[in-house]
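The values are calculated or read from the model by the stated rules, or taken from the named source; none is laboratory data. Only a predicted model underlies this, so the values are computations on that prediction, with no experimental measurement involved. Heads up, the Cβs are rebuilt from the backbone with ideal geometry, glycines too, and the neighbour counts pull from every protein chain shown.
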Amino acid sequence: MKLKENFLWGGSIAAHQCEGAWNEDGKGIGIMDLVTKGSYETPRRIDKTFQQETTYPSHEAIDFYHKYKEDIVLFADMGFKALRISIDWSRIYPNGDDSEPNKLGILFYQELVDELIKYGIEPIVTLYHFEMPIHLVKKYGSWANRQTIDFYLTFCRTMFEALKGKVKYWVTFNEMNHIDPQTETSDIFTYIIAGLKFSELEDRRQTLATIGYNMTVASCKAVTLGHEIDSNNQVGCVFGIEPVYPVDCNPVNVMNAFKQMDRDFYQIDAMCNGKFPEYKVAEYKDQGIKIEIMPEDKGSFADGRLDFIGMNYYASSVAEYEGAEEGRSALFGGLQNPFLETSKWGWTIDPTGLRYLLNYTYRKYGLPIIITENGLGAVDEFSEDGKIHDDYRIDYLQKHIEQLKIAIEVDQVDCFGYLTWGPIDLVSATTGEMKKRYGFIYVDKQDDGTGTLERTPKDSYHWFKKVIQSNAEN
Ligand code: BGP
């Protein structure tokens, strides 16, 4: 298999990390509007009362809300075939439970999508990328409450209808798999996905399992809804997966690594196999966790199967020794892999892991896959010649694209696109920094809030343009 002629080269962004305009045109307060800037050393703080004098990165971000037209000109110049955007739920339903949507919010996304289409860029639309109205958390308890599924579906319906005939590729959720009852996690991780602080959850494992289940049901129902509204819709879901390697060849540890991979795949199993996996139900039962599977859910799983799988890939991890108290992820301080280097933020650099993940996933489900995020977070500095020579980023991406090509051309994986994360610099989700940059385009926005917001192409911009032009032949 060769790379398809119409292979979707491009990038992925998320509303709360780039738009800014946090309280304009009727937008409500979303969960990420309450999160302060942090750093690698200092976690972001969740400040539900806005009491502190501090920086809230989502409030201005890179002002994509007002500058998207000029940014799309640059994406088009690079030859982008696709751009993955997200719809900020709190722009459409400011409180989440409003009886009418906010027309100005809908208009913004209609115009944004029109602009992409004008340049021949395929819009790929994520319906939930950490942008829940805070009201749904405060009043209903977020995804721990099944009512949230209905509010989410109302929002999905509004957007499926508003963008009907213009958007073909939809993503129901970004990275719901990071809600994981088995792993001790940081507050920021449960917060960005569900607006809840891990440390404040009363019955942690039970609540996280319920959230994970309810989100899975919501995704399946959204898939069915998307198909009902337009049979041309291709509806997928995006997962952020780290392949988990065994710590050694002791079969007990190999089995342990296998089980840790399951944590990230049980929701995909549910969404592809037409039922919630029995091994997960048994595992929960064993741990005293109860999942309320409603009679109607069976139909939801059976009908709402995914059309494609989106994979966010950054790094691989190493499983803890069997018997270690809690599983930990490499991204957040787990065991180091002695064979791999890491980024400045401690994420392993593992291009072969991308080939492994593509093969693993394709052989399990046989569904088309798109790489929806991949990239290197790095500190970029201007050289004396006034340019940013980000050869480290080119090196990272080139090696991953090589492995992607092997997966497609040698291993016969059906992968129809490759989107880099943050093709333009934007706010980091986990740290809230601007210093952690992924873009081909530099944005003059600094962590102390200063900067002109001017956009400047880096060396990687010109390199990626050639990759697209040649369909990665050179
Ligand atoms: C993914 C998220 C993105 C993005 C990326 C990089 O998990 O889907 O929103 O932010 O990670 O992470 P960070 O910004 O923390 O470097």
Given the criterion assigned to a strand (DSSP E or B), within 16 Å of the ligand (Cβ to nearest atom) and not basic (Lys, Arg), identify the matching residue among THR420, THR431, THR456.
THR420
Being in a loop (DSSP other than H, G, I, E, B), of a type outside the set (Val, Ile, Thr) and either under 22 Å from GLY310 (Cα atoms) or more than 13 Å from the ligand (Cβ to nearest atom) (or both) is the filter here, so list the residues in segment 434-450 that pass it.
TYR438, GLY439, PHE440, ASP444, LYS445, GLN446, ASP447, ASP448, GLY449
Looking at segment 394-403, can you tell me whether even one residue there is touching a residue at least 24 places away in the same chain (Cβ under 8 Å) and touching a strand residue (DSSP E or B) at 6+ places or on another chain (Cβ under 6 Å)?
no
Please verify whether segment 45-54 includes one or more residues that are more than 20 Å from the chain's Cα centre (by Cα), of a type in the set (Phe, Trp, Tyr) and in a loop (DSSP other than H, G, I, E, B).
yes
Which residue, of MET176, MET159, MET132, is more than 16 Å from the ligand (Cβ to nearest atom) and under 30 Å from TYR266 (Cβ atoms)?
MET159
Out of all the residues in segment 269-277, is one or more in a loop (DSSP other than H, G, I, E, B) and within 30 Å of TYR321 (Cα to Cα)?
yes
Those residues that are among the small types (Gly, Ala, Ser) and either touching a strand residue (DSSP E or B) at 6+ places or on another chain (Cβ under 8 Å) or closer than 24 Å to PHE173 by Cβ (or both), I need them from segment 100-126; list them, please.
GLY105
Anything in segment 393-417 that is within 15 Å of the ligand (Cβ to nearest atom) and within 16 Å of THR352 (Cα to Cα)? List them, or say none.
TYR396, LEU397, HIS400
Inspect all residues belonging to segment 206-219 and state whether any of them is out of contact with any Asp or Glu (no Cβ under 7 Å at 6 or more places or on another chain) and outside any helix (DSSP H, G or I).
no
Of all residues in segment 292-334, which are more than 16 Å from the ligand (Cβ to nearest atom), of a type in the set (A, V, I, L, M, F, W, C), surrounded by 17 or more Cβ atoms within 10 Å (Cβ to Cβ) and modelled with pLDDT under 95?
VAL318, ALA319
Tally the residues that are in a helix (DSSP H, G or I) and of a type in the set (A, V, I, L, M), restricting the search to segment 55-91.
5
Can you find a residue in segment 11-34 that is away from the ligand (no atom under 14 Å from the Cβ), part of a loop (DSSP other than H, G, I, E, B), modelled with pLDDT of 95 or more and polar (S, T, N, Q)?
yes
Given the structure, is PHE198 within 16 Å of the ligand (Cβ to nearest atom) and either closer than 26 Å to ALA257 by Cα or of a type in the set (Ser, Thr, Tyr) (or both)?
no
